[in-house]
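The values are calculated or read from the model by the stated rules, or taken from the named source; none is laboratory data. Keep in mind it's a predicted model, so treat the numbers as computed, not measured. For neighbour counting, all protein chains shown are included, and Cβ atoms are generated from backbone atoms with ideal geometry for every residue, glycine included. Each accessible area value is taken on the protein alone, full model and side chains, heavy atoms only, with ligands, DNA and RNA left out. Shrake-Rupley method; radii C 1.70, N 1.55, O 1.52, S 1.80 Å.
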Amino acid sequence: MKLSENETEIFTRQLKDVLEAFKSLDEVNTEKVKPSFHPQEISDVYREDEAEKFDWEPLSNTKHKEKKYFKGPRIV
Amino acid sequence: MKLEKLSVKEFLSRARSGDIDVEDFTEHVLDNTKSIQKKYSPFITIVDKIQHPKKKGKLFGLPISVKDNICTKGIQTTAGSRVLEGYIPPFSATSVENAIEEGSVIIGKTAMDEFGFGTFSVNCAYGVPKNPLDSERSCGGSSGGASCITSDADFPHVALAESTGGSISCPAAFTGTVGLTPTYGLVSRWGLVDYANSLDKIGCIGKEVYDVALSLSIIAGNDPKDSTSLNVPKQDYTKFLKKDIRGMKIGVPKEYFGYVDDKIVKVVWDAIKKLEDLGATYKEVSLPHTKYALPSYYIIAVSEASTNLAKYAGMRYGLQQELKGNFDEYFSSVRSNGFGEEAKRRIILGTFARMAGYRDAYYLKALKVRTKMIDDFKKAFKQFDVLAAPTMPVVAPRFDEIEKLSPIENYMMDILTVAPNLAGIPMVSVPAGKVNGLPVGLHLMGDHLQEGRILQVASAFEKAG
(Lines give C-alpha, C1' and ligand atoms only; values in the text may rest on other atoms or scores of the structure.)
Protein backbone atom coordinates (compact mmCIF):
# COMPACT_ATOMS: atom_id res chain seq x y z
CA MET A 1 0.00 0.00 0.00
CA LYS A 2 1.19 3.51 -0.75
CA LEU A 3 0.33 6.26 1.69
CA SER A 4 0.39 9.97 1.01
CA GLU A 5 2.40 12.22 3.34
CA ASN A 6 -0.85 13.49 4.79
CA GLU A 7 -2.14 9.95 5.44
CA THR A 8 1.15 8.96 7.09
CA GLU A 9 1.00 11.96 9.39
CA ILE A 10 -2.64 11.39 10.43
CA PHE A 11 -2.34 7.63 10.80
CA THR A 12 0.83 7.92 12.92
CA ARG A 13 -0.97 10.17 15.39
CA GLN A 14 -4.16 8.10 15.47
CA LEU A 15 -2.44 4.74 15.75
CA LYS A 16 -0.23 6.02 18.59
CA ASP A 17 -3.43 6.71 20.57
CA VAL A 18 -4.82 3.28 19.72
CA LEU A 19 -1.64 1.45 20.72
CA GLU A 20 -1.51 3.45 23.94
CA ALA A 21 -5.05 2.30 24.76
CA PHE A 22 -4.15 -1.30 23.92
CA LYS A 23 -1.43 -1.25 26.58
CA SER A 24 -4.07 -1.84 29.25
CA LEU A 25 -3.84 -5.56 28.39
CA ASP A 26 -0.53 -5.62 30.28
CA GLU A 27 -2.56 -5.37 33.50
CA VAL A 28 -3.97 -8.87 32.95
CA ASN A 29 -1.96 -11.75 34.36
CA THR A 30 -1.85 -14.31 31.56
CA GLU A 31 0.84 -16.56 32.95
CA LYS A 32 0.08 -20.20 32.08
CA VAL A 33 -3.01 -19.11 30.09
CA LYS A 34 -3.38 -20.69 26.66
CA PRO A 35 -4.23 -18.43 23.71
CA SER A 36 -7.71 -18.88 22.17
CA PHE A 37 -7.28 -18.82 18.41
CA HIS A 38 -10.99 -19.64 18.18
CA PRO A 39 -13.90 -19.15 20.58
CA GLN A 40 -14.30 -22.91 20.95
CA GLU A 41 -11.90 -25.82 20.42
CA ILE A 42 -11.72 -26.45 16.71
CA SER A 43 -10.16 -29.60 15.35
CA ASP A 44 -8.82 -30.12 11.86
CA VAL A 45 -11.30 -31.50 9.38
CA TYR A 46 -10.07 -33.78 6.61
CA ARG A 47 -11.70 -35.20 3.54
CA GLU A 48 -10.61 -37.82 1.05
CA ASP A 49 -8.03 -36.41 -1.34
CA GLU A 50 -10.19 -36.85 -4.40
CA ALA A 51 -10.58 -34.41 -7.26
CA GLU A 52 -14.05 -32.87 -7.55
CA LYS A 53 -15.56 -31.17 -10.53
CA PHE A 54 -16.85 -27.65 -10.09
CA ASP A 55 -18.88 -25.71 -12.57
CA TRP A 56 -17.52 -22.19 -12.07
CA GLU A 57 -15.79 -20.29 -14.75
CA PRO A 58 -12.67 -19.11 -12.85
CA LEU A 59 -11.82 -16.50 -15.47
CA SER A 60 -15.30 -14.92 -15.49
CA ASN A 61 -14.31 -12.00 -13.25
CA THR A 62 -11.11 -10.84 -14.88
CA LYS A 63 -10.24 -8.83 -17.94
CA HIS A 64 -6.61 -9.86 -17.56
CA LYS A 65 -6.59 -13.24 -19.25
CA GLU A 66 -5.12 -15.04 -22.19
CA LYS A 67 -6.46 -18.37 -23.42
CA LYS A 68 -7.03 -20.40 -20.22
CA TYR A 69 -4.72 -18.33 -18.02
CA PHE A 70 -4.81 -15.27 -15.76
CA LYS A 71 -2.48 -12.54 -16.86
CA GLY A 72 -0.58 -10.73 -14.13
CA PRO A 73 1.90 -7.88 -13.87
CA ARG A 74 5.56 -8.39 -14.70
CA ILE A 75 7.45 -10.42 -12.04
CA VAL A 76 11.05 -9.80 -13.19
CA MET B 1 -52.65 -4.83 -2.85
CA LYS B 2 -52.92 -4.71 0.94
CA LEU B 3 -50.50 -7.44 1.70
CA GLU B 4 -47.56 -5.37 2.84
CA LYS B 5 -48.44 -5.14 6.51
CA LEU B 6 -48.44 -8.89 6.95
CA SER B 7 -45.98 -10.42 9.40
CA VAL B 8 -43.51 -12.97 8.05
CA LYS B 9 -45.46 -15.74 9.78
CA GLU B 10 -48.85 -14.72 8.30
CA PHE B 11 -47.33 -14.13 4.88
CA LEU B 12 -45.68 -17.55 4.72
CA SER B 13 -48.85 -19.30 5.77
CA ARG B 14 -50.90 -17.51 3.10
CA ALA B 15 -48.24 -17.82 0.40
CA ARG B 16 -47.87 -21.54 0.98
CA SER B 17 -51.61 -22.09 0.93
CA GLY B 18 -51.82 -20.30 -2.42
CA ASP B 19 -53.87 -17.43 -1.02
CA ILE B 20 -51.16 -14.98 -2.14
CA ASP B 21 -49.77 -14.86 -5.67
CA VAL B 22 -46.09 -14.86 -4.82
CA GLU B 23 -44.88 -13.67 -8.23
CA ASP B 24 -47.17 -10.65 -8.19
CA PHE B 25 -46.32 -9.92 -4.61
CA THR B 26 -42.55 -9.95 -5.02
CA GLU B 27 -42.69 -7.65 -8.07
CA HIS B 28 -44.67 -5.22 -5.93
CA VAL B 29 -42.05 -5.57 -3.17
CA LEU B 30 -39.31 -4.67 -5.64
CA ASP B 31 -41.06 -1.37 -6.45
CA ASN B 32 -41.35 -0.58 -2.73
CA THR B 33 -37.70 -1.45 -2.24
CA LYS B 34 -36.68 1.06 -4.91
CA SER B 35 -38.64 3.84 -3.24
CA ILE B 36 -37.04 3.07 0.14
CA GLN B 37 -33.65 3.13 -1.58
CA LYS B 38 -34.33 6.68 -2.80
CA LYS B 39 -35.01 7.84 0.75
CA TYR B 40 -32.46 5.97 2.89
CA SER B 41 -29.96 4.12 0.63
CA PRO B 42 -29.97 0.72 2.36
CA PHE B 43 -28.71 -1.08 -0.77
CA ILE B 44 -25.53 -1.29 -2.80
CA THR B 45 -27.32 -3.40 -5.42
CA ILE B 46 -31.02 -4.02 -6.03
CA VAL B 47 -31.71 -6.99 -8.29
CA ASP B 48 -32.97 -6.22 -11.83
CA LYS B 49 -35.26 -9.19 -11.78
CA ILE B 50 -36.63 -11.38 -9.00
CA GLN B 51 -35.67 -15.05 -9.30
CA HIS B 52 -38.95 -16.68 -8.43
CA PRO B 53 -38.87 -19.77 -6.21
CA LYS B 54 -39.13 -23.13 -7.89
CA LYS B 55 -40.64 -25.04 -4.99
CA LYS B 56 -42.79 -24.38 -1.93
CA GLY B 57 -40.22 -24.47 0.86
CA LYS B 58 -40.43 -23.11 4.39
CA LEU B 59 -39.62 -19.56 3.20
CA PHE B 60 -41.75 -19.72 0.05
CA GLY B 61 -41.85 -16.29 -1.58
CA LEU B 62 -40.26 -14.47 1.37
CA PRO B 63 -38.22 -11.44 0.27
CA ILE B 64 -34.74 -11.41 1.80
CA SER B 65 -31.90 -8.93 1.58
CA VAL B 66 -28.31 -10.11 1.85
CA LYS B 67 -25.45 -8.12 3.37
CA ASP B 68 -22.99 -7.30 0.64
CA ASN B 69 -20.15 -9.38 2.12
CA ILE B 70 -22.13 -12.60 1.59
CA CYS B 71 -21.68 -14.02 -1.91
CA THR B 72 -24.73 -14.29 -4.17
CA LYS B 73 -24.43 -16.09 -7.48
CA GLY B 74 -24.79 -13.68 -10.38
CA ILE B 75 -25.33 -10.61 -8.16
CA GLN B 76 -22.50 -8.14 -7.51
CA THR B 77 -20.84 -8.65 -4.12
CA THR B 78 -18.44 -5.93 -2.98
CA ALA B 79 -18.32 -6.17 0.85
CA GLY B 80 -18.75 -2.40 0.68
CA SER B 81 -15.29 -1.96 -0.85
CA ARG B 82 -14.08 -0.42 -4.11
CA VAL B 83 -11.48 -3.18 -4.30
CA LEU B 84 -14.28 -5.67 -5.09
CA GLU B 85 -16.23 -3.40 -7.44
CA GLY B 86 -17.81 -5.38 -10.25
CA TYR B 87 -17.21 -8.77 -8.65
CA ILE B 88 -19.97 -11.19 -9.68
CA PRO B 89 -19.63 -14.39 -7.65
CA PRO B 90 -20.04 -17.59 -9.66
CA PHE B 91 -21.52 -19.25 -6.53
CA SER B 92 -23.69 -18.40 -3.52
CA ALA B 93 -22.71 -18.67 0.13
CA THR B 94 -24.06 -21.80 1.82
CA SER B 95 -26.38 -19.68 4.02
CA VAL B 96 -27.84 -18.01 0.92
CA GLU B 97 -28.23 -21.34 -0.85
CA ASN B 98 -30.08 -22.72 2.16
CA ALA B 99 -32.47 -19.75 2.14
CA ILE B 100 -33.07 -19.98 -1.62
CA GLU B 101 -33.58 -23.73 -1.40
CA GLU B 102 -36.47 -23.01 0.98
CA GLY B 103 -38.06 -20.59 -1.46
CA SER B 104 -36.93 -17.13 -0.37
CA VAL B 105 -36.24 -14.48 -3.01
CA ILE B 106 -33.31 -12.04 -2.96
CA ILE B 107 -34.26 -8.38 -3.43
CA GLY B 108 -30.77 -6.92 -3.10
CA LYS B 109 -27.42 -6.55 -1.38
CA THR B 110 -27.27 -4.28 1.64
CA ALA B 111 -24.88 -1.45 2.40
CA MET B 112 -22.16 -1.89 4.98
CA ASP B 113 -18.93 -0.45 6.30
CA GLU B 114 -16.12 -1.59 4.02
CA PHE B 115 -15.39 -5.26 4.94
CA GLY B 116 -17.33 -4.64 8.19
CA PHE B 117 -14.83 -2.06 9.46
CA GLY B 118 -17.11 0.25 11.42
CA THR B 119 -19.90 0.78 13.92
CA PHE B 120 -22.01 3.35 12.07
CA SER B 121 -21.98 2.38 8.36
CA VAL B 122 -20.17 5.58 7.46
CA ASN B 123 -17.05 3.83 6.07
CA CYS B 124 -18.98 2.90 2.95
CA ALA B 125 -17.62 3.07 -0.59
CA TYR B 126 -21.09 3.13 -2.18
CA GLY B 127 -23.16 5.52 -0.07
CA VAL B 128 -24.14 5.77 3.57
CA PRO B 129 -27.48 4.25 4.66
CA LYS B 130 -29.63 6.57 6.79
CA ASN B 131 -31.72 5.71 9.81
CA PRO B 132 -35.39 5.67 8.74
CA LEU B 133 -36.40 6.89 12.22
CA ASP B 134 -34.31 10.05 11.80
CA SER B 135 -32.39 10.41 8.56
CA GLU B 136 -29.72 12.60 10.18
CA ARG B 137 -28.69 9.62 12.25
CA SER B 138 -26.79 6.40 11.62
CA CYS B 139 -28.62 3.10 11.42
CA GLY B 140 -25.61 1.41 13.00
CA GLY B 141 -22.95 -0.79 11.54
CA SER B 142 -21.57 -2.61 10.03
CA SER B 143 -24.84 -4.28 8.88
CA GLY B 144 -26.42 -0.81 8.50
CA GLY B 145 -28.23 -1.42 5.23
CA ALA B 146 -29.71 -4.64 6.65
CA SER B 147 -31.20 -2.88 9.67
CA CYS B 148 -32.31 0.09 7.57
CA ILE B 149 -34.41 -1.95 5.14
CA THR B 150 -35.76 -4.17 7.94
CA SER B 151 -36.85 -1.14 9.91
CA ASP B 152 -38.51 0.70 7.03
CA ALA B 153 -39.97 -2.11 4.91
CA ASP B 154 -43.64 -2.59 5.65
CA PHE B 155 -43.65 -5.82 3.64
CA PRO B 156 -42.57 -9.15 5.17
CA HIS B 157 -38.79 -9.44 4.90
CA VAL B 158 -35.71 -10.82 6.65
CA ALA B 159 -32.13 -9.57 6.27
CA LEU B 160 -29.16 -11.91 6.21
CA ALA B 161 -26.44 -10.02 8.04
CA GLU B 162 -23.04 -10.68 9.60
CA SER B 163 -21.26 -9.81 12.83
CA THR B 164 -17.59 -9.76 13.72
CA GLY B 165 -17.66 -7.57 16.84
CA GLY B 166 -21.28 -6.41 17.11
CA SER B 167 -22.33 -5.70 13.53
CA ILE B 168 -25.77 -7.29 13.94
CA SER B 169 -26.64 -6.22 17.49
CA CYS B 170 -25.63 -2.56 17.05
CA PRO B 171 -27.70 -1.80 13.94
CA ALA B 172 -30.66 -3.74 15.36
CA ALA B 173 -30.52 -1.62 18.55
CA PHE B 174 -30.29 1.67 16.60
CA THR B 175 -33.27 0.90 14.37
CA GLY B 176 -35.62 -0.90 16.77
CA THR B 177 -35.30 -4.25 15.02
CA VAL B 178 -34.38 -7.74 16.24
CA GLY B 179 -30.80 -8.86 15.52
CA LEU B 180 -29.64 -12.42 16.10
CA THR B 181 -25.95 -13.37 16.12
CA PRO B 182 -25.55 -17.15 16.43
CA THR B 183 -22.81 -19.18 18.09
CA TYR B 184 -19.54 -19.06 16.14
CA GLY B 185 -19.59 -21.96 13.67
CA LEU B 186 -23.34 -22.65 13.79
CA VAL B 187 -23.90 -21.03 10.38
CA SER B 188 -21.44 -21.83 7.61
CA ARG B 189 -19.05 -19.00 6.66
CA TRP B 190 -18.47 -20.49 3.23
CA GLY B 191 -19.02 -17.71 0.70
CA LEU B 192 -18.55 -14.93 3.25
CA VAL B 193 -15.95 -12.27 2.42
CA ASP B 194 -13.69 -12.65 5.46
CA TYR B 195 -13.04 -9.86 7.90
CA ALA B 196 -11.65 -11.92 10.83
CA ASN B 197 -12.02 -15.68 10.47
CA SER B 198 -12.15 -16.53 14.16
CA LEU B 199 -14.87 -13.93 14.80
CA ASP B 200 -17.14 -13.73 11.73
CA LYS B 201 -20.68 -15.07 12.10
CA ILE B 202 -23.57 -14.91 9.65
CA GLY B 203 -26.89 -14.15 11.36
CA CYS B 204 -30.07 -12.23 10.65
CA ILE B 205 -32.14 -9.14 11.36
CA GLY B 206 -35.93 -9.16 11.39
CA LYS B 207 -38.90 -7.17 12.63
CA GLU B 208 -39.97 -9.86 15.08
CA VAL B 209 -38.26 -12.58 17.12
CA TYR B 210 -40.14 -15.22 15.10
CA ASP B 211 -38.51 -13.95 11.88
CA VAL B 212 -34.95 -14.43 13.11
CA ALA B 213 -35.73 -17.75 14.84
CA LEU B 214 -37.22 -19.14 11.63
CA SER B 215 -34.35 -17.82 9.49
CA LEU B 216 -31.73 -19.32 11.80
CA SER B 217 -33.48 -22.70 11.54
CA ILE B 218 -32.91 -22.51 7.78
CA ILE B 219 -29.38 -21.08 7.52
CA ALA B 220 -27.75 -23.05 10.39
CA GLY B 221 -26.19 -26.45 9.86
CA ASN B 222 -22.92 -28.24 9.33
CA ASP B 223 -21.13 -27.53 6.06
CA PRO B 224 -18.18 -29.60 4.86
CA LYS B 225 -16.98 -26.56 2.90
CA ASP B 226 -16.28 -24.62 6.14
CA SER B 227 -13.80 -26.41 8.39
CA THR B 228 -14.89 -24.32 11.41
CA SER B 229 -18.55 -25.25 10.92
CA LEU B 230 -19.92 -27.06 14.00
CA ASN B 231 -21.22 -30.57 13.65
CA VAL B 232 -24.59 -30.10 15.33
CA PRO B 233 -27.97 -31.18 13.99
CA LYS B 234 -30.35 -28.64 12.45
CA GLN B 235 -33.33 -27.71 14.57
CA ASP B 236 -36.49 -25.62 14.54
CA TYR B 237 -35.79 -22.61 16.76
CA THR B 238 -39.37 -21.32 16.56
CA LYS B 239 -40.42 -24.09 18.96
CA PHE B 240 -38.70 -22.19 21.80
CA LEU B 241 -40.93 -19.17 21.27
CA LYS B 242 -43.97 -20.93 22.67
CA LYS B 243 -42.40 -21.54 26.07
CA ASP B 244 -42.77 -19.18 29.03
CA ILE B 245 -39.77 -18.07 31.09
CA ARG B 246 -40.90 -19.03 34.58
CA GLY B 247 -37.90 -20.08 36.65
CA MET B 248 -35.40 -18.80 34.09
CA LYS B 249 -32.25 -17.42 35.78
CA ILE B 250 -31.00 -14.15 34.37
CA GLY B 251 -27.58 -12.69 35.16
CA VAL B 252 -27.02 -8.95 34.89
CA PRO B 253 -23.32 -8.22 34.29
CA LYS B 254 -22.60 -5.13 36.34
CA GLU B 255 -19.63 -4.05 34.20
CA TYR B 256 -22.03 -3.55 31.26
CA PHE B 257 -23.74 -0.53 32.81
CA GLY B 258 -20.74 1.63 33.63
CA TYR B 259 -20.19 3.22 30.22
CA VAL B 260 -23.83 3.66 29.36
CA ASP B 261 -26.10 6.70 29.02
CA ASP B 262 -28.24 6.95 32.22
CA LYS B 263 -31.51 6.99 30.33
CA ILE B 264 -30.56 3.78 28.52
CA VAL B 265 -29.62 2.18 31.85
CA LYS B 266 -33.14 2.94 33.10
CA VAL B 267 -34.86 1.48 30.02
CA VAL B 268 -32.80 -1.70 30.30
CA TRP B 269 -33.43 -2.12 34.03
CA ASP B 270 -37.16 -1.66 33.38
CA ALA B 271 -36.88 -4.43 30.79
CA ILE B 272 -35.14 -6.73 33.27
CA LYS B 273 -37.89 -6.02 35.84
CA LYS B 274 -40.42 -6.96 33.17
CA LEU B 275 -38.65 -10.30 32.73
CA GLU B 276 -38.98 -10.76 36.49
CA ASP B 277 -42.73 -10.06 36.22
CA LEU B 278 -42.87 -12.81 33.62
CA GLY B 279 -41.49 -15.32 36.12
CA ALA B 280 -37.71 -15.11 35.65
CA THR B 281 -35.34 -14.32 38.50
CA TYR B 282 -32.34 -12.03 38.16
CA LYS B 283 -29.13 -11.34 40.02
CA GLU B 284 -26.10 -9.19 39.32
CA VAL B 285 -22.94 -10.94 38.23
CA SER B 286 -19.38 -9.81 37.57
CA LEU B 287 -17.49 -10.46 34.33
CA PRO B 288 -14.18 -9.08 35.57
CA HIS B 289 -12.29 -8.97 32.25
CA THR B 290 -14.91 -6.89 30.44
CA LYS B 291 -12.77 -3.76 30.29
CA TYR B 292 -10.06 -5.66 28.40
CA ALA B 293 -12.47 -6.92 25.74
CA LEU B 294 -12.03 -3.87 23.52
CA PRO B 295 -8.22 -3.96 23.11
CA SER B 296 -8.25 -7.75 22.89
CA TYR B 297 -10.95 -7.69 20.21
CA TYR B 298 -9.35 -4.96 18.09
CA ILE B 299 -5.90 -6.58 18.15
CA ILE B 300 -7.27 -9.97 17.10
CA ALA B 301 -9.69 -8.52 14.53
CA VAL B 302 -7.16 -6.26 12.80
CA SER B 303 -4.48 -8.97 12.86
CA GLU B 304 -6.76 -11.39 11.06
CA ALA B 305 -8.10 -8.67 8.75
CA SER B 306 -4.65 -7.55 7.66
CA THR B 307 -3.79 -11.06 6.46
CA ASN B 308 -7.17 -11.48 4.76
CA LEU B 309 -6.89 -8.26 2.78
CA ALA B 310 -3.55 -9.33 1.33
CA LYS B 311 -5.43 -11.40 -1.25
CA TYR B 312 -6.81 -8.37 -3.10
CA ALA B 313 -4.41 -7.93 -5.95
CA GLY B 314 -6.55 -6.63 -8.83
CA MET B 315 -5.88 -9.64 -11.01
CA ARG B 316 -8.53 -12.33 -10.79
CA TYR B 317 -11.60 -10.40 -9.63
CA GLY B 318 -12.75 -7.03 -8.35
CA LEU B 319 -11.02 -3.74 -9.14
CA GLN B 320 -8.63 -4.04 -12.07
CA GLN B 321 -6.28 -1.53 -13.60
CA GLU B 322 -4.11 -1.49 -16.65
CA LEU B 323 -1.26 -3.99 -16.09
CA LYS B 324 1.55 -1.50 -15.69
CA GLY B 325 4.87 -1.73 -13.83
CA ASN B 326 6.11 -4.77 -11.92
CA PHE B 327 3.89 -6.87 -9.64
CA ASP B 328 4.80 -4.91 -6.54
CA GLU B 329 3.94 -1.57 -8.15
CA TYR B 330 0.73 -2.95 -9.63
CA PHE B 331 -0.59 -4.55 -6.41
CA SER B 332 0.35 -1.45 -4.37
CA SER B 333 -1.47 0.78 -6.79
CA VAL B 334 -4.64 -1.37 -6.80
CA ARG B 335 -4.69 -1.55 -3.00
CA SER B 336 -3.99 2.15 -2.52
CA ASN B 337 -6.88 3.02 -4.86
CA GLY B 338 -9.23 0.24 -3.74
CA PHE B 339 -9.09 0.40 0.05
CA GLY B 340 -10.77 3.14 2.05
CA GLU B 341 -9.22 5.00 4.97
CA GLU B 342 -10.41 2.69 7.77
CA ALA B 343 -9.25 -0.41 5.86
CA LYS B 344 -5.81 1.14 5.48
CA ARG B 345 -5.71 1.97 9.19
CA ARG B 346 -6.61 -1.60 10.13
CA ILE B 347 -4.08 -3.13 7.72
CA ILE B 348 -1.29 -1.05 9.27
CA LEU B 349 -2.40 -1.80 12.83
CA GLY B 350 -2.85 -5.52 12.18
CA THR B 351 0.47 -5.87 10.40
CA PHE B 352 2.19 -4.13 13.31
CA ALA B 353 0.48 -6.32 15.95
CA ARG B 354 1.71 -9.48 14.21
CA MET B 355 5.22 -8.23 13.46
CA ALA B 356 8.25 -10.10 14.82
CA GLY B 357 9.16 -8.52 18.13
CA TYR B 358 5.62 -7.27 18.83
CA ARG B 359 3.62 -10.45 18.21
CA ASP B 360 3.87 -11.72 21.80
CA ALA B 361 3.09 -8.35 23.35
CA TYR B 362 0.02 -7.68 21.22
CA TYR B 363 -1.41 -10.58 19.23
CA LEU B 364 -0.64 -13.49 21.58
CA LYS B 365 -1.43 -11.43 24.65
CA ALA B 366 -4.84 -10.54 23.18
CA LEU B 367 -5.57 -14.21 22.48
CA LYS B 368 -4.72 -15.11 26.09
CA VAL B 369 -6.96 -12.35 27.44
CA ARG B 370 -9.68 -13.76 25.17
CA THR B 371 -9.31 -17.10 27.02
CA LYS B 372 -9.85 -15.28 30.34
CA MET B 373 -12.98 -13.63 28.95
CA ILE B 374 -14.39 -16.92 27.67
CA ASP B 375 -13.78 -18.33 31.19
CA ASP B 376 -15.72 -15.39 32.69
CA PHE B 377 -18.71 -16.25 30.49
CA LYS B 378 -18.45 -19.99 31.15
CA LYS B 379 -18.47 -19.36 34.91
CA ALA B 380 -21.48 -17.06 34.62
CA PHE B 381 -23.41 -19.62 32.57
CA LYS B 382 -22.95 -22.20 35.33
CA GLN B 383 -25.17 -19.94 37.44
CA PHE B 384 -27.43 -18.32 34.83
CA ASP B 385 -29.41 -19.30 31.74
CA VAL B 386 -29.13 -15.93 30.04
CA LEU B 387 -27.25 -12.65 30.58
CA ALA B 388 -29.09 -9.36 30.02
CA ALA B 389 -27.48 -5.95 29.35
CA PRO B 390 -27.86 -2.87 27.16
CA THR B 391 -26.85 -3.54 23.53
CA MET B 392 -25.20 -0.16 22.92
CA PRO B 393 -24.01 2.59 25.30
CA VAL B 394 -25.79 5.31 23.26
CA VAL B 395 -28.81 5.70 20.99
CA ALA B 396 -28.21 6.12 17.25
CA PRO B 397 -25.83 9.10 16.94
CA ARG B 398 -26.14 11.92 14.39
CA PHE B 399 -23.72 11.90 11.46
CA ASP B 400 -22.20 15.22 12.57
CA GLU B 401 -21.47 13.68 16.00
CA ILE B 402 -19.83 10.63 14.38
CA GLU B 403 -17.59 12.84 12.24
CA LYS B 404 -16.00 14.32 15.35
CA LEU B 405 -15.01 10.95 16.84
CA SER B 406 -11.33 9.90 16.72
CA PRO B 407 -10.64 6.26 15.76
CA ILE B 408 -10.21 5.22 19.40
CA GLU B 409 -13.44 7.00 20.44
CA ASN B 410 -15.15 5.24 17.57
CA TYR B 411 -13.85 1.83 18.66
CA MET B 412 -15.05 2.54 22.23
CA MET B 413 -18.65 2.41 20.99
CA ASP B 414 -18.27 -1.37 20.64
CA ILE B 415 -17.49 -1.76 24.34
CA LEU B 416 -20.63 -3.83 25.10
CA THR B 417 -20.71 -6.05 22.02
CA VAL B 418 -17.09 -7.13 21.54
CA ALA B 419 -16.82 -9.51 24.55
CA PRO B 420 -19.68 -11.86 23.57
CA ASN B 421 -18.41 -11.75 19.97
CA LEU B 422 -14.88 -12.67 21.10
CA ALA B 423 -16.34 -15.57 23.09
CA GLY B 424 -18.45 -16.64 20.09
CA ILE B 425 -21.60 -16.95 22.21
CA PRO B 426 -25.05 -16.33 20.74
CA MET B 427 -26.78 -13.00 21.35
CA VAL B 428 -29.97 -11.28 20.35
CA SER B 429 -30.82 -7.58 20.54
CA VAL B 430 -34.52 -6.81 21.00
CA PRO B 431 -36.21 -3.39 21.17
CA ALA B 432 -36.63 -2.51 24.87
CA GLY B 433 -38.03 1.01 24.76
CA LYS B 434 -37.05 4.48 23.66
CA VAL B 435 -34.89 7.38 24.80
CA ASN B 436 -35.74 10.75 23.23
CA GLY B 437 -37.84 8.92 20.65
CA LEU B 438 -34.96 6.66 19.59
CA PRO B 439 -34.89 2.89 20.15
CA VAL B 440 -32.84 1.15 22.83
CA GLY B 441 -31.78 -2.50 22.56
CA LEU B 442 -31.90 -5.14 25.29
CA HIS B 443 -29.02 -7.55 24.71
CA LEU B 444 -29.65 -11.16 25.69
CA MET B 445 -26.61 -13.45 25.65
CA GLY B 446 -26.48 -17.23 26.10
CA ASP B 447 -23.91 -19.97 26.40
CA HIS B 448 -22.56 -21.62 23.22
CA LEU B 449 -25.40 -23.22 21.21
CA GLN B 450 -28.08 -21.89 23.57
CA GLU B 451 -29.85 -19.90 20.83
CA GLY B 452 -33.12 -21.49 21.96
CA ARG B 453 -32.88 -19.97 25.42
CA ILE B 454 -32.13 -16.41 24.35
CA LEU B 455 -34.87 -16.56 21.73
CA GLN B 456 -37.28 -17.88 24.35
CA VAL B 457 -36.58 -14.89 26.62
CA ALA B 458 -36.64 -12.46 23.69
CA SER B 459 -39.99 -13.78 22.54
CA ALA B 460 -41.57 -13.66 26.02
CA PHE B 461 -40.35 -10.07 26.35
CA GLU B 462 -41.69 -9.12 22.93
CA LYS B 463 -45.10 -10.64 23.63
CA ALA B 464 -45.36 -8.78 26.95
CA GLY B 465 -45.16 -5.58 24.85
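Over every Cα atom in the protein assembly as shown, the radius of gyration and the widest Cα-Cα span, Dmax, amount to 22.5, 73 Å. A simple rule links phi to the HN-Hα coupling: the Karplus curve 6.51 cos²θ - 1.76 cosθ + 1.60 with θ = phi - 60°, which for the range B:409-414 gives 5, 4, 4, 4, 5, 8 Hz, with x for Gly and Pro. Inter-chain neighbour count for B:309-321: the average number of beta-carbon atoms from partner chains within 10 Å of each residue's beta-carbon is 3. Our note on the geometry: Cα centres of the range B:238-302 and the range B:388-413, 19 Å apart. Taking a straight line from the alpha carbon of A:Lys68, these lysines sit under 25 Å away, with near neighbours fewer than eight places off in the same chain left out: A:Lys53, B:Lys73, B:Lys311, B:Lys324.
Heavy-atom accessible surface of A:Asp44, to the nearest 10 Å², is about 120 Å², with a 1.4 Å probe and all protein chains retained. Where both partners of a DSSP beta bridge lie in chain B, what percent of those bridges are antiparallel, to the nearest 5? If I count the DSSP bridges inside chain B, around 70 percent turn out antiparallel. For B:Phe43, the residues whose amide H sits under 5 Å from its own are B:Ala111, ignoring neighbours fewer than 5 places away on the same chain, with H placed 1.01 Å from N.
Just report the Cα centroid separation between the range A:1-56 and the range B:154-180, whole Å. One Cα centre to the other: 25 Å.
Net charge around B:Lys239, counting only other residues with Cβ within less than 13 Å of its Cβ (Lys, Arg = +1; Asp, Glu = -1)? That works out to +2. For the range B:242-259, the Karplus equation 6.51 cos²θ - 1.76 cosθ + 1.60, evaluated at θ = phi - 60°, returns couplings of 8, 7, 7, 10, 4, x, 5, 9, 10, x, 10, x, 5, 5, 8, 10, x, 9 Hz by residue, with Gly and Pro reported as x. Take the accessible area of chain B alone and of chain A alone, subtract that of the pair, and you get about 4800 Å² summed over both chains, using a 1.4 Å probe.
Measuring how big chain B is from its alpha-carbon positions, Rg and Dmax come out at 20.9, 70 Å. For the range B:319-364, the per residue solvent-accessible surface stands at 49 Å², with DNA, RNA and ligands left out and a 1.4 Å probe.
Highest mean packing comes first when the peptides A:60-66, B:438-444, B:305-311, B:31-37 are listed by Cβ atoms within 10 Å, giving B:438-444, B:305-311, B:31-37, A:60-66. Note on B:420-431: average number of Cβ atoms from other chains within 10 Å of each residue's Cβ is 1. Length gained on full extension, B:Met355 to B:Lys34: 110.9 nm, using 0.36 nm per residue less the C-alpha separation.
The trypsin sites (Lys or Arg not before Pro) of the range B:358-439 meeting both criteria, a DSSP state outside H, G, I, E and B (loop) and at most 12 other C-beta atoms within 10 angstrom of the site's C-beta, are B:Lys404.
Counting Lys and Arg as +1 and Asp and Glu as -1 over every other residue whose Cβ lies under 14 Å from the Cβ of B:Leu364, the net charge comes to +4. Over the C-alpha atoms of the range B:129-223, the Rg to Rh ratio, Rh being the Kirkwood estimate, stands at 0.97.
In the range B:90-129, burial by the other protein chains removes 50 Å² or more of 1.4 Å probe accessible surface, compared with the chain on its own, from B:Pro90. For the segment B:368-374, counting C-beta atoms of other chains within 10 Å of every residue's C-beta and taking the mean gives 6. For B:Lys55, the aspartates and glutamates whose Cα falls under 13 Å of its own Cα, not counting residues fewer than eight places away in the same chain, are B:Glu23, B:Glu101, B:Glu102. Shape summary: the range B:8-239 maps onto an equivalent ellipsoid whose semi-axes, from the alpha-carbon gyration tensor, are 23, 21, 17 Å in decreasing order.
Computed over the Cα atoms of the range B:410-465, the ratio of the radius of gyration to the Kirkwood radius (Rg/Rh) comes to 1.02. Only helical runs count toward this figure. For chain B, summing -39,500 (n - 2.57) over DSSP H runs of n ≥ 4 and dividing by all residues gives -11500 deg cm²/dmol at 222 nm. What are the lysines whose alpha-carbon lies under 22 Å from the alpha-carbon of B:Lys463, with same-chain residues fewer than 8 places away excluded? List returned: B:Lys5, B:Lys9, B:Lys207, B:Lys239, B:Lys242, B:Lys243, B:Lys249, B:Lys266, B:Lys273, B:Lys274, B:Lys434.
A simple rule links phi to the HN-Hα coupling: the Karplus curve 6.51 cos²θ - 1.76 cosθ + 1.60 with θ = phi - 60°, which for the range B:86-99 gives x, 6, 10, x, x, 8, 10, 4, 4, 4, 5, 4, 4, 5 Hz, with x for Gly and Pro. Solvent-accessible area per residue in the range B:8-239 equals 30 Å², computed with a 1.4 angstrom probe and all protein chains kept.
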